[in-house]
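The values are calculated or read from the model by the stated rules, or taken from the named source; none is laboratory data. Just so we're clear, the structure is a prediction, and the values are computed from it rather than from any experiment. No Cβ is skipped: glycine too gets one built from the backbone with ideal geometry, and neighbour counts run over all protein chains shown.
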Amino acid sequence: MRFSKTVIPKLIGRLLPEERSRAHPRLELTNFGGNEVWKARCYRPENEEDVLEILNFHKKERIRPVGALHSWSGAPVCRSIMLDMSCFDSVETFPREDKLIARLGGGTSLQRALDVLHATTGHTFPVQGAISKQSIAGAISTATHGSGGPSLSHFVKGIRVAAYDPRNKRAKIYKYECGEELRAARCALGTLGVILSVDLETVPKYLVEETLVTRGSLAEVLREYERMPLSQFAYFPYRWDFLAYQRRAHIQRPLTSGEKIFGAFFAANNFLGTDILFHVLVKGALALGNSASRGLMHLAPKLALTGKTNIGPSHDILTMAHDLFQHEEMEVFIPERKLDQAIELLRYATSVFAGLDVEMTGPLVQALKNQELYDELQSHRGTYTQHYPFFFRYVHPEDDMLGMASGSQAYFSCSVFTYFGPDNRDRYYRFCSWLGRALHRIVDARFHWGKHVPLGHQELSRVYPEMPRFRELAQATDPNGVFRNDFVNEVLGFQ
Ligand SMILES: Cc1cc2nc3c(=O)[nH]c(=O)nc-3n(C[C@H](O)[C@H](O)[C@H](O)COP(=O)(O)OP(=O)(O)OC[C@H]3O[C@@H](n4cnc5c(N)ncnc54)[C@H](O)[C@@H]3O)c2cc1C
């Protein structure tokens, strides 16, 4: 059973604790990827008083607020008390200095927030990921991002959170609007408490121009970023060339009739050709075997509509129906200046795992040997065939403590997808484990907190210098660790 609104009882009025425990049976929950299934007692609080009451009543247990359960990692998993925050779906706007701020209830879906913003103001989100089904609190809690800007977390200007008062251990509401508390709360994996509302900076609506082009080398792809700063690109295994989605922003203006007609054609082509047909072919190739998957990767860029330019509202161009087919993803964040090295490693590892012969440069062989990863890689030869393109997005530095692009340098994120079913992903996880460790040790990679994270805090703390300070801040308003779970203990190192 999915996390369905119809089956989660509401917390109505002031139930006695005994009544409440009867009213909230344990429900089985499944995340989008189907890789996490667990049972928990679920509440759906209707207002802030309900949240405080639940926090006070369950202060010796574990509590996790969740959004759309669109994370693949264990971030939302909690076998004790779960809070469905979907009643917190308000959308208000107000000016602050020269910006328009959207105050969004923590459970508001990104799509609802955009619908209201677009209908009532001339503004939109400053960045846009591939889909808009997530809740705002869930999205910022794992630093959800697009390409050509920092993550959404960076644009959070204020946040209201229910957590504990360390003096009397009672629940209370904190408001963070500046300083290190705000920087911590912008991306906190649920450990700073229950997010009640988020103040998000918006930007005037804009258009995005997009042209798909094939490129033979990384240098060619990167050269065009200056002109096309919102671009993302796919890297095709076994062909080892690129399909760049060259994108740039334009000031909002009415579209011409020709642009509208062409836009509708593009949208239909993307939906039928990419979102549906391509994914049917990926699943079909998986059923047929490794050669079919490799063949499809050779064919795929030829199916793309290249060389034609489309222009339309940012949200229409930047999103896709990527949630039609269940899948799982690891997203690795590579410091911009080390992208070359990471791409070489990716190509080599993918080929060896697929059992193919490939040449590798001396320095990379040496680096793998130094890290004691070379022999292990050879032992995986022929055990896993990557069956989907790698996707790269450009993420600017962001001002938070734990976001994947926190700090002063930009990152390229690389998405590693699998379309194997949840019961058939062991070989994919072994591929991610080796690749993740190699990229972490050799190019200082980080990992998207909402996706498959193959490393623990002992390794990750090396690339997150503010992790110890983050833990101190989380402990200050949650001394009993109510807002922690196995996943955050593992990746953030809470004791
Ligand atoms: C098809 C698909 C496409 C995606 N595309 C992108 C993309 O383009 N870019 C990208 O960066 N990511 C992407 N993601 C990942 C996704 O954005 C993140 O995993 C996000 O965290 C999911 O949001 P959610 O509302 O489902 O939160 P959940 O998965 O339910 O929860 C995520 C975390 O947020 C916490 N949380 C949720 N609500 C609250 C609250 N009210 N208070 C405190 N903590 C809370 C949870 O405890 C948990 O730790 C995609 C995922 C899928 C399935």
Worksheet entry | Residue in the stretch 163-170 that is more than 9 Å from the ligand (Cβ to nearest atom) and either crowded, with 24+ Cβ neighbours inside 10 Å or closer than 30 Å to Met228 by Cα (or both) present | no
Discussion item. Checking Ala285 against (1) in contact with a Leu (Cβ under 7 Å, 6 or more places away or on another chain); (2) free of Cβ contacts under 8 Å to residues at least 40 places away in the same chain; (3) crowded, with 17+ Cβ neighbours inside 10 Å: exactly one of these is not met. Which one?
Written reply: (2)
Discussion item. Taking the conditions exactly as written (modelled with pLDDT of 95 or more and either more than 16 Å from the ligand (Cβ to nearest atom) or under 18 Å from the mean Cα position of the chain (by Cα) (or both)), does Phe431 satisfy them or not?
Written reply: yes
Worksheet entry | Subset of the stretch 293-304 (residues that are surrounded by fewer than 16 Cβ atoms within 10 Å (Cβ to Cβ), at pLDDT 95 or above and among the aliphatic types (A, V, I, L, M)) | Leu299
Discussion item. Go through the stretch 381-413 and report how many residues are assigned to a strand (DSSP E or B) and within 15 Å of Ser151 (Cα to Cα).
Written reply: 9
Worksheet item: Looking at this structure, is Pro237 under 30 Å from Pro95 (Cβ atoms) and not assigned by TED's automatic domain parsing to the domain that holds Leu104?
Response: no
Item to complete: Filter the stretch 45-89 for residues that are over 18 Å from Val198 (Cα atoms), away from the ligand (no atom under 12 Å from the Cβ) and among the charged types (D, E, K, R) and give the result.
Response: Asp50, Glu53, Lys59, Lys60, Glu61, Arg79
Item to complete: Please go through the stretch 315-331 and pick out each residue that is farther than 19 Å from His70 by Cβ and hydrophobic (A, V, I, L, M, F, W, C).
Response: Ile317
Discussion item. Just the residues that are within 16 Å of the ligand (Cβ to nearest atom) and surrounded by fewer than 17 Cβ atoms within 10 Å (Cβ to Cβ), please, taken from the stretch 444-489.
Written reply: Gly481, Asp486, Asn489
Worksheet item: Do we find that Ala244 is crowded, with 20+ Cβ neighbours inside 10 Å and in a loop (DSSP other than H, G, I, E, B) in this structure?
Response: no
Discussion item. List pairs: first residue in the stretch 254-272 and among the basic types (Lys, Arg), second residue at pLDDT below 95 anywhere in the structure, Cβ distance under 8 angstrom, at least six positions apart or on different chains.
Written reply: none
Fill in: Check on Val127, within 15 Å of the ligand (Cβ to nearest atom) and either out of contact with any helix residue (DSSP H, G or I) (no Cβ under 8 Å at 6 or more places or on another chain) or farther than 26 Å from Arg253 by Cα (or both)
no
Worksheet item: Here are some residues: Thr385, Thr319. Which one is out of contact with any helix residue (DSSP H, G or I) (no Cβ under 6 Å at 6 or more places or on another chain), buried (at least 17 other Cβ atoms within 10 Å of the Cβ) and within 30 Å of Lys133 (Cβ to Cβ)?
Response: Thr319
Practice prompt. Would you check which residues across the stretch 177-206 are away from the ligand (no atom under 15 Å from the Cβ) and of a type in the set (Lys, Arg) and list them?
Written response: Arg183, Lys205
Fill in: Residue in the stretch 254-262 that is of a type in the set (Phe, Trp, Tyr) and more than 30 Å from Phe420 (Cβ to Cβ) present
yes
Worksheet item: Can you list the helices (runs of 4 or more DSSP H) found entirely within the stretch 428-495 that contain at least 1 residues being small (Gly, Ala, Ser)?
Response: 467-476
Worksheet, complete the sentence: For Asp357, the lone unmet condition from (1) part of a loop (DSSP other than H, G, I, E, B); (2) modelled with pLDDT of 95 or more is (2)
Worksheet item: Before we move on, is Pro150 in the same structural domain as Ala188 (by TED's automatic domain parsing), more than 6 Å from the ligand (Cβ to nearest atom) and within 16 Å of Gly407 (Cα to Cα)?
Response: yes
